[in-house]
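Read-outs throughout are calculated quantities, based only on the coordinates presented, and are distinct from any laboratory measurement. Keep in mind that this is a model prediction, so the values were computed, not measured. For neighbour counting, all protein chains shown are included, and Cβ atoms are generated from backbone atoms with ideal geometry for every residue, glycine included.
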Amino acid sequence: MKGFKRKAQEEKAQPLNWTQVAIIAFCVMMAVGMILSTFGTNWLNFFTKIKEGDGVSIDFTFYDDLGRPVVTTSQTIYQKAIENGDVIFFAGRMPIIAGAMSEKELVPIEVFSQYTASGFMKFGLFGPELDEMSSALINQKVGSAMTVEIPMSQDLVRFMDNEQFIQIAGDILDIVVVGDQLPIAFSETPQIALDDATPQTYLRTATITEITDEGVILYYGYPYVVVSIAELRATA
């Protein structure tokens, strides 16, 4: 028993092999360095706060007043909305300048649509919607996600009499109900051009909020958008 105790004490007293520790630490550092090198210098962007004027790529999903997604960059959200029977459009990741104000009232983005023969169309975002998004990016970091409210959306209400509704949607007044979605077109140039050229139009999704004997009330605003910052882009 005495010999056993002496052996345990001797093993406990063995000095730490600092050379071995240094080799292990070096190997760990090399492994971490190799992993980070696969990302180039982009991994540094995760620690950089976005400044006004920085170029950013974002993922986003706009929601209507009933909480339904209407246009998104998420395949998961898009597919789930399709399964639910909602009207939704699929967009690509959007480049945007942090803090930049839009110079247009209506800004088209290309989206995929299952409702058109070609599969693609132009969806119309309003300038103030983009302005709220770009302002919210400042002081955020790559990977951050945020819900951005769109205050101007509360004013985007339109009454459409029965005749106008039938011209746009067809003779379906007897079957529509409050909450139904209706794609409606908006134009950058609502006035008829002098050369009688057809104005370029972009679609948005509106919600029927009220039905009367005279017509329907449509709400085509989106109260909020969920934005996720995908990457920081180089700007000139």
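In table form, for the structure just shown:
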| item | result |
| --- | --- |
| By average C-beta atoms within 10 angstrom, highest first, the peptides 206-212, 54-60, 169-175 | 54-60, 206-212, 169-175 |
| Likely footprinting exposure, Met121, Met152, fewest C-beta neighbours within 10 Å first | Met152, Met121 |
| Cα principal axis extents for the stretch 55-184, largest first, Å | 51, 30, 27 |
| Residues of type aspartates and glutamates that Lys141 reaches as a straight line, Cα spacing below 20 Å, ignoring anything fewer than 8 places off in the same chain | Glu52, Asp54, Asp59, Asp131, Glu132, Glu149, Glu231 |
| Cβ crowding within 10 Å averaged over residues, with 90-98, 112-120 ranked highest first | 90-98, 112-120 |
